[in-house]
């Protein structure tokens, strides 16, 4: 199916194209589309909810909520241990493996109960505050309940029916967001907010399980320990990688909360949430590139390199102005999203936006390693990054609080970028250093600095931030493409 036929099929019969599997390329395109839609909608809904939670509760109460949520999120990997990914792989390879799904479902249930027990026990060691401990228990159940959907999504993925997964995720996000807004506007408190998350997650899971049972596969339990051992033996490397990633994401907030820096935790998470917005569109771009890179890896070294170069060019094009513009407009961004009580998070945001830019550049290297069957190398990179992050947090947070946490994340990200670059150069077909990418980075940097000078001019900087961003885009885009055209002309 070539691109002309794809477009023709979409126009003539969109229902068939977006809801049925009628060919390899169409199925990949359909699944990528639905996953991108679900990811975009759920992330933006949750972001808007978090912004209002932070504004209405204030930094201290918001800090309690984010501390509790970070703590339970650290345990989330234990409720899965990588079995969802292995389930997708095994059933996709061999449909007969579907008969083992009841055993896998039972394993997921046992792991979820065990995880909840760990969270409850751990809560007595992490905080003496009974209110925060109660919130941890409620959010612990929420994490386990919402995470249980993962094994259902794994089955959908194995059958290449990502539209079901997308609808389920959107439903879950809508219910959680709706319940959260209702509580935060009518009964604002950390405990009530946590209960709204839990009730919404239960409601969404019931709908998902009913749909799955009656439309896809009959739910039943089977405590087959042989199947459990087999799946756990295959999933442990993924579990370790997930643990390291979770440590990188959550330890800073947990450490600050443990050391009594609750308000600082609120400031830090406020900055972190806004900086994380930068990763949403680039994450969707990365999803769309993965199948293309995978196909070209098996077809042609040249096609693979060209496709990877294009991927990296897009990431550079986005990351460089994002970092420079984010640093320049940090005060206005925090003031727009929150209020002046969150101004202490401005410096943390500036550090974190640099880290977000590095994270964007990390993505093409990670893809190259995974597609080249070098997953273990990718795991060790995450492992070393997580260990360094924890060590730096232990050193920097007591002295510099949220700014130390942000700096620790930035340094760990730089280490991971360096290791990804080295491993990609050594263990894949990709040549990450080439003139095309060097020129792209130089052009993006020059264009971004011109943009920075324009938006820093007092008459522009004093405008409403939306207008400043629009002016920045109108300066950056044409400058970049004009410089690129001029450079291409002289090179020729």
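Condition check ((1) within 23 Å of residue 46 (Cβ to Cβ); (2) buried (at least 18 other Cβ atoms within 10 Å of the Cβ)) across all residues:
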residue	(1), (2)
275	yes, yes
297	no, yes
302	no, no
313	no, yes
316	no, yes
320	no, yes
325	no, yes
330	yes, yes
333	yes, yes
Original post:
Pick from 425, 372, 456, 448: which is under 22 Å from residue 352 (Cα atoms) and within 26 Å of the chain's Cα centre (by Cα)?
Top reply: 448
Subject >> Flag if residue 150 is in the same structural domain as residue 215 (by TED's automatic domain parsing), over 30 Å from residue 186 (Cβ atoms), surrounded by fewer than 20 Cβ atoms within 10 Å (Cβ to Cβ) and in contact with a helix residue (DSSP H, G or I) (Cβ under 7 Å, 6 or more places away or on another chain) >> reply: yes
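Quick grid of which residues meet (1) touching a helix residue (DSSP H, G or I) at 6+ places or on another chain (Cβ under 8 Å); (2) closer than 18 Å to residue 315 by Cα; (3) assigned to a helix (DSSP H, G or I); (4) modelled with pLDDT of 95 or more:
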site	(1), (2), (3), (4)
359	yes, yes, yes, no
362	yes, yes, yes, no
382	yes, no, yes, no
404	yes, no, yes, yes
413	yes, yes, yes, no
430	yes, yes, no, no
Subject >> Any pair with Cβ under 6 angstrom, 6 or more apart, that starts in the stretch 170-186 at a residue that is without any contact (Cβ under 8 Å) to a residue 60 or more places away in the chain and ends at one that is surrounded by 20 or more Cβ atoms within 10 Å (Cβ to Cβ) >> reply: 171/204; 175/200; 175/204; 179/196; 179/200; 183/193; 183/196
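Do we have residue 108 as part of a helix (DSSP H, G or I) and out of contact with any helix residue (DSSP H, G or I) (no Cβ under 9 Å at 6 or more places or on another chain) here? If you could, list the steps in order and put the result at the bottom.
Working: part of a helix (DSSP H, G or I): yes; out of contact with any helix residue (DSSP H, G or I) (no Cβ under 9 Å at 6 or more places or on another chain): no.
No.
The values are calculated or read from the model by the stated rules, or taken from the named source; none is laboratory data. Bear in mind that the values here come from a model prediction, so they are computed numbers and not experimental data. Please note: Cβ atoms are built from the backbone with ideal geometry, for glycine as well, and neighbour counts cover all protein chains shown.
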